[in-house]
1. It is to be established whether one or more residues within the range 14-26 are outside any helix (DSSP H, G or I), open to solvent by 10 Å² or more (accessible area, probe 1.4 Å), of a type outside the set (A, V, I, L, M, F, W, C) and more than 21 Å from Arg98 (Cα to Cα).
2. Which one of these is surrounded by fewer than 20 Cβ atoms within 10 Å (Cβ to Cβ), more than 19 Å from Leu134 (Cα to Cα) and of a type in the set (A, V, I, L, M): Ala363, Ala334, Ala341, Ala325?
3. Within the range 123-141, which residues are within 17 Å of Val17 (Cβ to Cβ) and out of contact with any Leu (no Cβ under 6 Å at 6 or more places or on another chain)?
4. Would you confirm whether any residue within the range 231-240 is crowded, with 20+ Cβ neighbours inside 10 Å, acidic (Asp, Glu) and either free of Cβ contacts under 8 Å to residues at least 40 places away in the same chain or within 18 Å of Tyr275 (Cα to Cα) (or both)?
5. Can you report the number of residues in the range 219-258 which are in contact with a Leu (Cβ under 6 Å, 6 or more places away or on another chain) and of a type outside the set (A, V, I, L, M, F, W, C)?
6. Of the conditions (1) in contact with a helix residue (DSSP H, G or I) (Cβ under 7 Å, 6 or more places away or on another chain); (2) farther than 19 Å from Asn384 by Cβ; (3) not small (Gly, Ala, Ser), Pro346 satisfies every one except a single condition; which number is it?
7. Can you spot a residue in the range 277-287 that is at pLDDT below 95 and either under 21 Å from the mean Cα position of the chain (by Cα) or open to solvent by less than 10 Å² (accessible area, probe 1.4 Å) (or both)?
8. Output the residue which, of all residues in the range 188-214 that are surrounded by fewer than 20 Cβ atoms within 10 Å (Cβ to Cβ) and among the charged types (D, E, K, R), is farthest from Gly123 (Cα to Cα).
Amino acid sequence: MESARIIATVARIVRDVGIAEEIAQDALVSALEQWPRSGVPDRPGAWLTAAAKHRAVDLVRRRETYARKLAEVGRTLDEKSYDPEPSGPGDIDDDVLRLVFTACHPVLSADARAALTLRLVGGLRTDEIARAFLVPEATVAARITRAKRSLAKAGVEFEVPYGAARAARLGSVLEVVYLIFNEGYAATAGDDLLRPALCEDALRLARVLEGLMPEEGEVHGLAALLELQASRFATRTGPDGRPVLLAEQNRSRWNRLLIRRGFAALERAGDGRSYGPYALQAAVAACHARAVAYEETDWRTIAALYARLAAVAPSPVVELNRAVAVSMAEGPEAGLVLVDALADGPALAGYHLLPSVRGDLLARLGRTAEARAEFERAASLTRNARERELLLGRARAAGSQ
C-alpha cells in the first residue's frame, strides 16, 4: 500500500525510478527484519519512507555529483522529514502524481509508459498488467525493464512538466489512472473481487488532475467515470464477498454523493457531441445511475454511446460491451451475432468475459446446454476466485434448467 509513495519520495532524491524502486524494496525488507523484534511503528508508512530516504541519501552522498544533487534536493535531504516538498503555482501537489507524469515521459512508448506506471504506482504484478493490456506476461516484463533503462539512459528528471510537455503526457496519464481503477474495481486475480485501495488512489489522482487541468474535457470525463463507477462499490459484493450482478444490486445503496459528483464532472467535460472516450464511458455510467431500477435502464442510448465509443476508440472490449447493450435493447439474438463475430477473432481468445457474455445470451435464448459450457469455459479462464465461483454457479443454474 505504501510502495508508490515511497518510490515517489525516493525518486525525488535519486532522480531514477528504477533505483528508487530498488531502494523502496530494501526498506520493505528492513521492515520485515526489524518489526518482528521491535514491533510495528505507530506510523508504518512514515517509518518506511524515512528508511528509504536514509538509503537514498547515502547513495547520493557516495556519488561524485553529491554537491550538485545537494543543491537540487535541498530540504529533501533531511532524513527526519517525510512530508512532500512544497509546490509552486501550477505544480503537481502530489509526489505520486509527479511519479506518474515522470513515468509517462515521451521517451517511452505509450504501452511502456502505462506498464511502468502501473507497476510503480499501482503496485500491480506483471501478470495483472498483462491482463489489463490483453498481452502475454513476458511482453509486459520486457516493456517494464526497457522502460526503466530508457529513462535512466535519457537522464529523465523527476520533474513537473508544464505547458506543451504536460499536455503531451496527459493521454498516457489518464490511461494509467483508468487502468489502476479498473484493477481495483474487478481484480485480475486473488480471493477478492475488489481492491478498494487501488480505486481510492485512482479516484484521488483523477480529482487532483481535475484541479490541475480544468480546461481539459477528458480529465473531467475520466473523473466523472470513476466517480460514477465508485458509487456502486458497496453493492458490487454481498456480505460474504461474492459478486452481485448489476441487475441484482440494491440501487438505494448506491452512493448519491459520488453520483452527484460524477454528474457535475460530466457537465464540465463539455458538449456531449464532442465527448472523448472517457466522457463517453461516463455517459454510459450516467445512464445506469439515472435508472431507478434495472428495468428502467435506457439500453438504446447506451448502445448508441458504445457505437460512438467504438468509432473514436476502437477496441474488442468496447465491441463486447456494445453487444451486451444491443442484446438488451434489441434482444439476445442481435447481441449474439456481434459476440460470435468477436469469438471468431484472436483478440479476446483468453478473455473470460467473452464466454461469460455468450453464456448469458445463450441462457436467455433457452440454449442451456451451450450456456453451461460457456460459463464453465469462462470460469476456467478467470484467475479471480470470486468471479470463478459466480461463473460456476451460473453454469450449475443453466444445467438445471
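The values are calculated or read from the model by the stated rules, or taken from the named source; none is laboratory data. This one's a predicted model, so the numbers in the text were calculated from it and none came from an experiment. Ideal geometry is used to build each Cβ from the backbone, glycine not excepted, and the neighbour counts take in all protein chains shown. Please note that ligands, DNA and RNA were not included when accessible areas were found on the heavy atoms of the full protein model with its side chains. Shrake-Rupley method; radii C 1.70, N 1.55, O 1.52, S 1.80 Å.
1. Applying the first criterion (outside any helix (DSSP H, G or I)) to the range 14-26 yields 15-16.
Still in the running and open to solvent by 10 Å² or more (accessible area, probe 1.4 Å): 15-16.
With of a type outside the set (A, V, I, L, M, F, W, C) added as a condition, the list becomes 15-16.
Next cut, more than 21 Å from Arg98 (Cα to Cα) only: none.
For the range 14-26, residues outside any helix (DSSP H, G or I), open to solvent by 10 Å² or more (accessible area, probe 1.4 Å), of a type outside the set (A, V, I, L, M, F, W, C) and more than 21 Å from Arg98 (Cα to Cα): absent.
2. Numbers: Ala363 fails: surrounded by fewer than 20 Cβ atoms within 10 Å (Cβ to Cβ); Ala341 fails: more than 19 Å from Leu134 (Cα to Cα); Ala325 fails: surrounded by fewer than 20 Cβ atoms within 10 Å (Cβ to Cβ).
Unique residue meeting the criteria: Ala334.
3. Here is the first cut: in the range 123-141, the ones within 17 Å of Val17 (Cβ to Cβ) are 123-124, 126, 129, 140-141.
Gly123, Thr126, Val140, Ala141 - these are the residues of the range 123-141 that are within 17 Å of Val17 (Cβ to Cβ) and out of contact with any Leu (no Cβ under 6 Å at 6 or more places or on another chain).
4. From the range 231-240, those crowded, with 20+ Cβ neighbours inside 10 Å are 231-232; that's our starting set.
Adding the requirement that they be acidic (Asp, Glu) leaves none.
No - not one qualifying residue is present in the range 231-240.
5. At the first step, the residues of the range 219-258 found to be in contact with a Leu (Cβ under 6 Å, 6 or more places away or on another chain) are 219, 222, 224, 226-227, 230-231, 237, 243.
Filter once more, so that each one left must be of a type outside the set (A, V, I, L, M, F, W, C): 227, 231, 237, 243.
Number satisfying all stated conditions: 4.
6. Among (1) in contact with a helix residue (DSSP H, G or I) (Cβ under 7 Å, 6 or more places away or on another chain); (2) farther than 19 Å from Asn384 by Cβ; (3) not small (Gly, Ala, Ser), Pro346 violates only (1).
7. So in the range 277-287, the residues at pLDDT below 95 come out as none.
Within the range 277-287, not a single residue is at pLDDT below 95 and either under 21 Å from the mean Cα position of the chain (by Cα) or open to solvent by less than 10 Å² (accessible area, probe 1.4 Å) (or both).
8. Glu210
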